[in-house]
1. Assume the label is 7 Å from Cα along Cα to beta carbon: what separations in nm does A:Asp212 have to the matching positions in the other copies?
2. Which distances, shortest first and in nm, link B:Glu168 to the matching position in the other copies, using label points set 7 Å out along Cα to C-beta?
3. What is the set of long-range amide H partners of B:Val217 at a cut-off below 5 Å, with H atoms built 1.01 Å from backbone N?
4. With contacts defined as alpha carbon pairs under 8 Å and 6 or more residues apart, what's the relative contact order of region A:93-263 in percent?
5. Taking the Cα centre as origin and putting +1 on Lys and Arg beta-carbons and -1 on Asp and Glu beta-carbons, what dipole magnitude results for the protein assembly as shown, to the nearest 20 debye?
6. How large is the Kirkwood hydrodynamic radius of region A:93-263, counting all unique pairs of alpha carbons, in Å?
7. Accessible area per residue of chain A at 1.4 Å probe, in Å²?
8. Kindly give the distances from B:Pro246 to its copy-mates, label point to label point, with each label point 7 Å from Cα along Cα→Cβ, as nm values to one decimal ordered shortest first.
There are 2 protein chains.
Amino acid sequence: MGSTFHVTVPDAGWVERLADLDDVDLTVWDLESPQPERYVDIAVRPYTVAAAGLENLDPARVGLVQSQALGFDGVADVLPDGILYANAVGVHEASTAELAVALLLASQREVDRYVREAGQWNRRFTASLIDRRIMLLGHGGIGTEVEKRLDGFGAELVRVATRRREDERGVIHGTDELPTLLPTVDVVVLAVPLTDRTTGLVDDEFLSALPDGAIVVNVSRGKVADTDAIIRQAGRIRYATDVTDPEPLPADHPLWAVPGVLVSPHVGGMSSAMQPRIDAIVRNQVQRLLEGSEPDLVVVPQRIPGHEGRVSRGGDGARR
Amino acid sequence: MGSTFHVTVPDAGWVERLADLDDVDLTVWDLESPQPERYVDIAVRPYTVAAAGLENLDPARVGLVQSQALGFDGVADVLPDGILYANAVGVHEASTAELAVALLLASQREVDRYVREAGQWNRRFTASLIDRRIMLLGHGGIGTEVEKRLDGFGAELVRVATRRREDERGVIHGTDELPTLLPTVDVVVLAVPLTDRTTGLVDDEFLSALPDGAIVVNVSRGKVADTDAIIRQAGRIRYATDVTDPEPLPADHPLWAVPGVLVSPHVGGMSSAMQPRIDAIVRNQVQRLLEGSEPDLVVVPQRIPGHEGRVSRGGDGARR
């Protein structure tokens, strides 16, 4: 047993789901309780986007930390040298895009109002996506999944990324075109990563450029929008968001009570789509390392060279 | 002026929107106040699905009633002989399908819960459409529009119509296959017309065949579901509906308060998509009749022969 490949997982459910893996010892470890004495080939983190808790890991006894999240802000600052960190590309994008469409439709067709007015038969006309122009701001993993889902809704999609380019579906505008594009769209879906350039991107100027009644949907990060600006303009525009600044949003925060604002508690990836996809990533990592290949999806450090020796053991039977 | 084609419309907004029509007199009539003395070539009804008020029309002075609704239950029973009745195919289907997806996503991703729990940051996993099997029950105008919208969501669509057939996308199952299909799906979207066969279709037996946690979405008619059965089973399944039995749903009706039930007040077609589409239908009818063609979309009586003489005047200048 001591020579068997060692994977730690966050809870007993994981042990059951991966029980069929040959040549793998599975033990439960949350990465916060004391580190196992025995070398950990892969440590699957509990599902969190925070970097906290990684700084105490001993690089002599852990090879790869597998995150269940897509974001890894701050991890590079605290992860001890010599440990690899992989993120969860492909696990959350579709589920988050689905929530973006759910929030957009709920806000536009006023499902939130029907819930608040339960008991009243209060019919009135609402907006619809049909014939409208929808800006997808951000064309990475989540943006492309939103695009796929909005395809059938009879709207015109206006795609925007950092730099103007073309793909097989036509032009993707650059963010330098925002001033001319914003007044022409009815909806903006925010699916950009949080960077210096996108922090506070949705400010008073951005919102003022939108036409009356426009809807902004945020499945990016809370700090991409200026919350005070949202609150100021929420009478004129609507805001449906899965992310807030700060997070969690305190119970007494004014954003909760602003008419035209719909908030979900950062649950974009928290759906039934997650488990089979994160399981598949861990299984793939196990297989790669057992075969002597590099682990996949390593994001910290950004380049793998220098780490192969420590992480991709096995293949020739030299695993410990 | 007396020889000009005469169209009545429900309100002054209509008069403005159609003001550019040449050779057409527009007057406001709601079909309930006394009938104009002058012959009405086309009477556009106010937007209602009820048949009430049609029985008093004088067939000597009205040719075609143009409805703004898709449904026309009961119209044939009360409409005087000699008047044609056209429905509004193409006006509401896409908008109604959009609401079906909005209700489905809101229910599945628990947007209704976030609205009720505003102020709480209460994260938990929800269902998702990804990897799920969705039954589309009804493959007419609304069903095909739902299908188009659900295409990008990573679900498997199980299409069901009255009789088994195939189209370019594969098999469409027949309703006789429901007993074997229902236990295999996670979602049912009801988009059937109300007929003798579909009245009470979603009863205890239907609901009991669905797996735990299944969602039923109704954008058909309230009477397609047995409301008492829905209330009985709502702990085990969810129900998101735009239509109820009765309608309007009284404020003290138990359906409003059942956990897992989401109700919108029959607003499938009440969106910004409606006006340009119904305007286009009326413009098309005017053009057809002025050219001496048959009116389009006539649903009562079911066959046109015998009525051409009275309705499709013009073309040779013989309009009155």
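1. Computed spacing set for this position: 5.1 nm.
2. Counterpart label points of B:Glu168 in the remaining copies fall at 1.8 nm.
3. B:Val188, B:Val189, B:Leu190, B:Ala240
4. 20
5. Rounded to the nearest 20 debye, it is 160 debye.
6. One over the average 1/r among Cα pairs gives 16.2 Å for region A:93-263.
7. Counting only protein heavy atoms, the per-residue value for chain A is 41 Å².
8. Those label-point separations list as 5.3 nm.
The values are calculated or read from the model by the stated rules, or taken from the named source; none is laboratory data. Note that this is a predicted model, so its numbers are computed, not measured. So basically every Cβ, Gly included, is an ideal-geometry build from the backbone, and we count neighbours across all protein chains shown. Accessible surface areas use protein heavy atoms only, side chains included; no ligands, DNA or RNA. Shrake-Rupley method; radii C 1.70, N 1.55, O 1.52, S 1.80 Å.
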